[in-house]
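Q: One structure is given below, represented as structure tokens, and several questions about it will come after.
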């Protein structure tokens, strides 16, 4: 069986752990890759083709942003869904990089329902 991965990029450890728990409970048939900045996301992801879904926060470590990550993934050929899960305002010209935009704090039921639209 070919297991695909969900990449979740979030720099806040408490938020990352809470959302990761929700993802593991509700999307157990997917691998979960946790990252905190663009470099760790690209280093940990096995390949663009392996990603079923990407979830990213707005403000990441090292002055990275979620839209920078989405832009880089798109440039590298990723065509799958990217879901923004953050509190930072997304620049208007970057909103099109995301399939869905969720604002923190997000109810876990809303998060799950949104993700199920894509995987």
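The values are calculated or read from the model by the stated rules, or taken from the named source; none is laboratory data. It should be emphasised that the depicted structure is a prediction, and the values quoted were computed from it without experimental measurement. Here the Cβ is made from the backbone with ideal geometry for all residues, glycine too, and neighbour counts use every protein chain on show.
Q: For the subset of region 47-83 comprising residues that are in contact with a helix residue (DSSP H, G or I) (Cβ under 6 Å, 6 or more places away or on another chain) and in a strand (DSSP E or B), which member is surrounded by the most Cβ atoms within 10 Å (Cβ to Cβ)?
A: Restricting to residues being in contact with a helix residue (DSSP H, G or I) (Cβ under 6 Å, 6 or more places away or on another chain) and in a strand (DSSP E or B), the top hit is 56.
Q: Oh, and also: Out of region 28-46, which residues are under 14 Å from residue 72 (Cβ atoms), out of contact with any strand residue (DSSP E or B) (no Cβ under 7 Å at 6 or more places or on another chain) and either assigned to a loop (DSSP other than H, G, I, E, B) or at pLDDT 95 or above (or both)?
A: Selection gives 37 alone.
Q: Looking at (1) under 14 Å from the mean Cα position of the chain (by Cα); (2) modelled with pLDDT under 95, can you tell me which one residue 62 breaks?
A: (1)
Q: Another question, if that's okay. Can you name every residue in region 96-107 that is in a loop (DSSP other than H, G, I, E, B) and either in contact (Cβ under 8 Å) with a residue 60 or more places away in the chain or out of contact with any helix residue (DSSP H, G or I) (no Cβ under 8 Å at 6 or more places or on another chain) (or both)?
A: So the first thing to find is which residues in region 96-107 are in a loop (DSSP other than H, G, I, E, B), and the list is 98-99, 104-107.
Answer for region 96-107, where residues must be in a loop (DSSP other than H, G, I, E, B) and either in contact (Cβ under 8 Å) with a residue 60 or more places away in the chain or out of contact with any helix residue (DSSP H, G or I) (no Cβ under 8 Å at 6 or more places or on another chain) (or both): 99, 104, 105, 106, 107.
Q: Determine if region 10-24 includes at least one residue that is in contact with a helix residue (DSSP H, G or I) (Cβ under 9 Å, 6 or more places away or on another chain), in a strand (DSSP E or B) and surrounded by fewer than 20 Cβ atoms within 10 Å (Cβ to Cβ).
A: no
Q: Answer yes or no: is there a residue in region 11-18 that is closer than 18 Å to residue 106 by Cα and under 11 Å from the mean Cα position of the chain (by Cα).
A: Checking region 11-18: at least one residue is closer than 18 Å to residue 106 by Cα and under 11 Å from the mean Cα position of the chain (by Cα).
Q: Please work out which one of (1) outside any helix (DSSP H, G or I); (2) at negative phi; (3) surrounded by fewer than 13 Cβ atoms within 10 Å (Cβ to Cβ) is the condition residue 93 fails and give its number.
A: It is condition (1) that residue 93 fails.
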